[in-house]
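Report on one structure; see the data block that follows.
The values are calculated or read from the model by the stated rules, or taken from the named source; none is laboratory data. Owing to the predicted nature of the structure, the values given are computational and were not obtained by experimental measurement. Here the Cβ is made from the backbone with ideal geometry for all residues, glycine too, and neighbour counts use every protein chain on show. Side chains included, ligands, DNA and RNA excluded: accessible areas come from the protein's heavy atoms. Shrake-Rupley method; radii C 1.70, N 1.55, O 1.52, S 1.80 Å.
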Amino acid sequence: MFEKVESIKKQIEEAVANTKEELEDYRLKFISRKGVISELFADFKNVESKRKKEFGIALNTLKTQAENRFKKLIDQVNSTDSKRDSGIDLSLPPIPGQTGSLHPISIVKNRMIQIFERQGFNVTEGPEIEDDWHNFTALNFPENHPAREMQDTYFIRKDPDLLLRTHTSTVQIQLMQNENPPFRSIMPGRVYRNEAISARAHCFFHQVEGLYVDKNVGFKDLKQTLYHFAREFFGKDTQIRFRPSFFPFTEPSAEIDISCFICHGPGCKICKYTGWVEIGGSGMVDPDVLKNCNIDPDVYSGFAFGMGIERITMLKYQIDDIRLFSENDVRFLSQFE
Ligand code: DAH
């Protein structure tokens, strides 16, 4: 009889329950009226009288043990249940985190802003939907200029004309019309052109426009400003070259070239074996443009420049397809820091 008590005691100590069903099995086996402990109580009458007291104490202790163990098992099952309910398994290894990154166009734009800000330029933005006057007329485009054709420009409405701006030079006009000189501002933004999409051209892209208008601003100021930009952006030994050109809104006008930062001279694929790469257009603001914005060209003069952000980004990172910038492929976008 006493061995039986010992053996049940051991079973109670070793009992486990992970589910409600296992808990119920335990209850039936040890606690219920038909359980093993109740059976032992029934055997009480068969115990010889001098050991009855000893047996009674052993049985009652066993009963308390069984009940205490039962309470513990209930707690255990409840706590595993609530863990399951919360859906959080704290023992799982963590999922590797994926953080976003800036778009390469934003990285280059921010860097350009930073370099020009240090030269005293502030940032101005203007509308992407413009009228003919801001996009063409005020900038001296002649009546019959090809850019004014439907096949080059996205018109939203004809007569009066409303269009998607084809360049950020429109923001020069916005600024000069709405505020008083001096101006020293850069104007980053998106522009639209009715172009067939290819590796080299897209129907939308980004430009940074620059405008400096004050008394006594000369071509030397333009050169110095862009020379500083080129060295900061492309590297300390970058050279700069101005090639005579034509834009309706500047006189004189010049294309801006920098020495090839890949081959440093002898020629490579990037510079098409010339040693130079073009990064934008520039010039002295045409006096007629100042007049169109009610600024006296006898008092004020200025320079302007415009650069394509995609072009500069493609040069800097040696990207050979402009479409990559708008395809949103994370494998491409996550390579830039
Ligand atoms: N607006 C010209 C373009 O889209 C770029 C440009 C050239 C801007 C010369 C300027 C400039 O301010 O002076 O091609």
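Brief remarks follow.
- Entry comment: accessible area of the chain is 57 Å² per residue, from protein heavy atoms only and a probe of 1.4 Å.
- Packing-based order for 141-151, 252-262, using average beta carbon neighbours within 10 Å, highest first: 252-262, 141-151
- Kirkwood Rh (inverse of mean 1/r, distinct Cα pairs), the chain, angstrom: 26.5 Å
- For the range 252-337, fraction of C-alpha pairs farther apart than 17 Å, in %: 63 percent
- Only Cα pairs under 8 Å and 6+ residues apart enter the sum, and on that basis the relative contact order of the range 2-86 stands at 40 percent.
- When the surface is traced with a 1.4 Å probe over the full set of protein chains, THR137 keeps roughly 60 Å² accessible.
- Against the chain, whose longest principal axis comes from its Cα atoms, helix 49-86 is set at around 10 degrees.
- Crossing angle, helix 104-117 versus the chain [Cα axis fit, 0-90 degrees, rounded to tens]: 60 degrees
- Packing around the peptides 182-189, 222-229, taken as the average count of other Cβ atoms within 10 Å per residue, puts them in this order, highest first: 182-189, 222-229.
- Inter-probe distance in nm under a simple model that places probes 7 Å from Cα toward Cβ, at ARG231 and ILE74: 8.3 nm
- Volume per residue of the C-alpha convex hull in the range 2-86, rounded to whole Å³: 70 Å³
- Cα centroid separation, the range 61-126 to the range 272-325 (Å): 45 Å
- Length released on extending from ARG241 to HIS103, taking residue separation times 0.36 nm less the Cα-Cα span: 46.7 nm
- Cross-link check: pairs LYS4/LYS71; LYS34/LYS71; LYS223/LYS291; LYS4/LYS52; LYS10/LYS53; LYS20/LYS53 evaluated at a Cα-Cα cut-off of 26 Å; pairs beyond the cut-off: LYS20/LYS53.
- A simple spin-label model places pseudo-atoms 7 Å from Cα toward Cβ; at MET150 and LEU162 they are separated by 1.8 nm.
- Taking the average, over residues, of other Cβ atoms within 10 Å as the packing measure, peptides 300-310, 201-211 rank 300-310, 201-211 from highest down.
- Proximal aspartates and glutamates relative to LYS269, as straight alpha-carbon distance under 13 Å, when same-chain residues fewer than 8 apart are discounted: ASP320
- The chain - percent relative contact order, Cα under 8 Å, separation 6 or more: 15 percent
- Heavy-atom accessible surface of the range 181-246: percent carbon and sulfur, 1.4 Å: 48 percent
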